[in-house]
Amino acid sequence: MKFNERLKKLRTDGKETQKALAQAIGVSTYQIIRFEKGEQKPGFDNLWALADHFGVTVDYLMGRTDEKRT
């Protein structure tokens with residue numbers, strides 16, 4: 001699964017809006033939309049913030065493993 005697909009799945013499984021996720025990690029809603037469409041990839045700080053927010057590893061979020069936690 002690609003990053004954008006995994007991000008959207010984590011967000012929708014948690015019944016969270018794009019706006020709420022954006023506010024939680026300190027980015028614009030437009031950035032979340034672009035992440036989920038695969039138009040933009042997050043920088044390191046945003047990637048870590050997303051992983052921390054969802055309680056998963058960066059490797060899981062990036063699709064490098066199917067293990068959510070180490």
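Quick look at the values:
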| item | result |
| --- | --- |
| Lys pairs, the chain - Cα-Cα below 19 angstrom, 8 or more residues apart or on other chains | 15 |
| Mean separation of Cα contacts under 8 Å (6+ apart) over length of the chain, as relative contact order % | 32 percent |
| Exposure ranking of Asp52, Asp59 by accessible area [1.4 Å probe, largest first] | Asp52, Asp59 |
| Sequence of Lys8, Lys2 from largest to smallest accessible area, 1.4 Å probe | Lys2, Lys8 |
| Nearest-10 value in Å² for the accessible area of Thr65, using the 1.4 Å probe | 40 Å² |
| Mean residue ellipticity (222 nm) of the chain, computed from DSSP H runs ≥ 4 via -39,500 (n - 2.57), nearest 500 | -17000 deg cm²/dmol |
| Selected from Phe35, Gln23, His53, residue furthest toward positive end of dipole (the stretch 3-57; charges at beta carbon) | Phe35 |
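The values are calculated or read from the model by the stated rules, or taken from the named source; none is laboratory data. All values derive from a computational prediction rather than experimental measurement. Because the Cβ atoms are built from the backbone with ideal geometry, glycine has one as well, and the counts that use them run over all protein chains shown. SASA here: full protein model, heavy atoms, side chains in, ligands and nucleic acids out. Shrake-Rupley method; radii C 1.70, N 1.55, O 1.52, S 1.80 Å.
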